[in-house]
Each structure stands twice: as structure tokens, then as C-alpha cells.
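These notes are about the structure you will find just below.
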Amino acid sequence: MNKFFTATCLGIALLTGGTAWGEGGIAYTHRDAIQKAMGKHIDELTELNGNGKYPMFDPETRSLVQLEFKEFHDSVEIKGRTNPYFVSCADFVAPDGTLYDIDFFLSKKYGVVSALVHAKDGQKSPYDVH
């Protein structure tokens, strides 16, 4: 029984730690694909917007802000066991200099399905998925 328990725990650790989960989130093997999908989404919306900026609804001011992309965060997390999805962040800056940390939600096939303001100038929004 002890060997079976040890083998089972090792198998679970390998499945959750070796290929899917990494330190602080999803393994880096998914990060490039996720950030590529985020970049494509940002580029497409920026182009559709017609002014070179990424449009984002700011729930605090209840207005649409025009943001300039700065950089992706390194972290990527997977959420939801029955219907998994990825969460990753990127920094943007508003014309007034406000730094926006935007969370992007992606399907398991790396499609961006939503984006929300995670923080403004370091002040976290009321919701939290991290």
C-alpha cells in the first residue's frame, strides 16, 4: 500500500508539476503561445480602433480609455478544473500616464475571450482571480 501511495503521489506531482503547472502558475511551455494570442488580440483591437490605442472599459470611471501597450507580465495561470482557462496580464499606459494592469482570459485553445482591469497605478480592482 505504501508503494502504491508513493507512486500515485509521484504521478500526480508529475502531472501537475512537470507539464501543466509551474512556479507561480502555468508552465512556461504555454506562455509563448498565450502571449502570442494576447499580442494578436491587442493588435487586432488596436487596428479596429483606428487610433493606434487599445480600447478598454474602466469600471472605476465608467468610461472607455485608450491605452498604449507596454509589456507582458511573465506569469500565466490556469484556472477552473472542469472548464480550464488561462489568465495572463499586460501593462498599458493611458494618455494621462495612468498605468493599467490588464488581465486577459484565454480559452484552452489560446483564444482571448475577455479582458478586465486588474489594477490601476498598482491599486488592485475589487475582483481577484490571481
Over 18 Å (Cα to Cα) among K70/K109; K79/K108; K40/K120; K40/K108; K53/K79; K70/K120 -> K70/K109; K40/K120; K53/K79
With θ set to phi - 60°, apply the Karplus curve 6.51 cos²θ - 1.76 cosθ + 1.60 along segment 96-112 and write out the HN-Hα couplings as whole Hz, x wherever there is a Gly or Pro. 7, x, 5, 8, 10, 9, 9, 8, 10, 10, 10, 5, 5, 9, 6, x, 6
Among the chymotrypsin sites (Phe, Trp or Tyr not before Pro) within segment 48-130, which fall in a DSSP loop and have no more than 14 other Cβ atoms within 10 Å of their own Cβ? Y127
Which GluC sites (Glu not before Pro) from segment 41-130 combine a DSSP loop assignment with at most 14 other Cβ atoms within 10 Å? E60
Could you give the size of the charge dipole of segment 24-124 about its Cα centre, using +1 on the Cβ of each K and R and -1 on the Cβ of each D and E, expressed in debye and rounded to the nearest 20? 520
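Can you sort D32, D91 by how many other beta carbons sit within 10 Å, fewest first? Let's see the in-between values first.
Values: D32 10, D91 17.
The order, fewest Cβ neighbours first, is D32, D91.
Considering only DSSP states other than H, G, I, E and B, which trypsin sites (Lys or Arg not before Pro) in segment 45-121 qualify as loop sites with at most 12 other Cβ atoms within 10 Å? Mind showing how you got there, number by number?
Values: sites: K53, R62, K70, K79, R81, K108, K109, K120; in loops: K53, R62, R81, K108, K109.
Passing both the DSSP loop test and the Cβ count: R62, R81, K108, K109.
Each reported figure results from applying straightforward, stated rules to the coordinates on display, with no laboratory input. Fair warning: this is a prediction, and the values are worked out from it, not measured in the lab. Positions of Cβ are backbone-derived with ideal geometry, glycine not excepted, and every protein chain shown enters the neighbour counts.
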